[in-house]
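Colleague: Below you will find the structure I want to go over with you.
The values are calculated or read from the model by the stated rules, or taken from the named source; none is laboratory data. All figures in this text were calculated on a predicted structure; none of them were measured in a lab. Because the Cβ atoms are built from the backbone with ideal geometry, glycine has one as well, and the counts that use them run over all protein chains shown. Protein only, heavy atoms only, side chains kept; ligands, DNA and RNA dropped before computing areas. Shrake-Rupley method; radii C 1.70, N 1.55, O 1.52, S 1.80 Å.
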Amino acid sequence: MAASLPSVIRTSDLVPVRDRAIAVEPALTPLFPDAGLRRGHVVSFAGVAARSLAIATAARGVADGAWLAVVGVDGFGVEAAIEHGIAPERIVQIPASGPVEWAERLAAAADGFELLLTCPPRGADRQMRKLRQRLQARGGVLLAVPPVGEHTPSIGADIDLSTDEVAWIGIEQGSGRLMARRVTIGSAGRRVPRPVTIDCWLPGPDGRVDVVQTGVHPVDHRVDDVDRHDTVDLHRAS
């Protein structure tokens with residue numbers, strides 16, 4: 001009996017690589033209409049956990065083989081990126097100052113990187129038209145975070161993600177170690193048909209993002225004494 005032949009796949013049925021969304025962690029898929037990062041899009045991050053969320057958003061794509069260009073982000077935490085599972089050898093940091101140099105270096109990075117994490121300087125909005133055209137042509141995704149202690153400049157993002165801190169878990173009555181942070185994340189913007197809000201652990205006990213399960217506590221034990229790493233953990237997670 002002849003073996004059955006596999007189904008024939010027509011090339012016209014295949015989705016071009018350029019049009020496929022870049023995957024994100026399962027906990028974050030409800031925030032994106034395409035359940036991932038649509039190529040050519042700009043995503044902005046705001047609130048208390050803006051940088052942590054941006055790193056968590058890029059983590060799955062890097063794990064799947066993408067490279068991450070970090071352009072003009074002062075104080076970028078490589079250690080925090082590692083905790084989210086991003087291999088440091090797949091991160092390239094590029095300094096940039098001022099809107100013109102920023103735009104030039106970001107455009108150059110878009111030629112070779114699928115994921116670009118940046119901190120737009122003031123005046124960046126005037127450079128965004130050409131940058132958006134480059135992103136769409138190359139199939140990259142721009143993740144924009146604010147300067148420390150400030151708001152992200154308006155750059156006409158496709159998706160705006162906001163973060164509000166609900167609570168840190170791990171410290172009780174002045175003692176213990178920070179183990180996890182519960183954050184409410186909101187998704188809105190011109191490419192979001194309907195605003196979405198979810199609760200996540202950012203970070204969870206393992207340093208990564210996870211969905212808050214009703215009635216489930218992420219911490220299995222407490223640490224009696226606060227050590228010097230508590231301050232470091234809090235700084236890295238911001």
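Colleague: Working carefully through the options T197, T231, find the one that is over 30 Å from A103 (Cβ atoms), open to solvent by 60 Å² or more (accessible area, probe 1.4 Å) and modelled with pLDDT under 90.
Modeller: One residue alone meets the criteria, T231.
Colleague: Name the pairs whose Cβ atoms lie under 8 Å apart, with the first residue in the stretch 35-46 and touching a residue at least 12 places away in the same chain (Cβ under 8 Å) and closer than 13 Å to L115 by Cβ, the second surrounded by fewer than 23 Cβ atoms within 10 Å (Cβ to Cβ) and polar (S, T, N, Q), and 6 or more positions between them or separate chains?
Modeller: G36/T29; R39/Q136; G40/Q136
Colleague: Only one of (1) modelled with pLDDT of 95 or more; (2) surrounded by fewer than 13 Cβ atoms within 10 Å (Cβ to Cβ); (3) within 17 Å of L37 (Cβ to Cβ) fails for R190. Which number is that?
Modeller: (1)
Colleague: Given the conditions (1) out of contact with any Lys or Arg (no Cβ under 8 Å at 6 or more places or on another chain); (2) surrounded by 15 or more Cβ atoms within 10 Å (Cβ to Cβ); (3) free of Cβ contacts under 8 Å to residues at least 60 places away in the same chain, and given that T163 satisfies all but one, which numbered condition is not satisfied?
Modeller: Just one mismatch for T163, condition (3).
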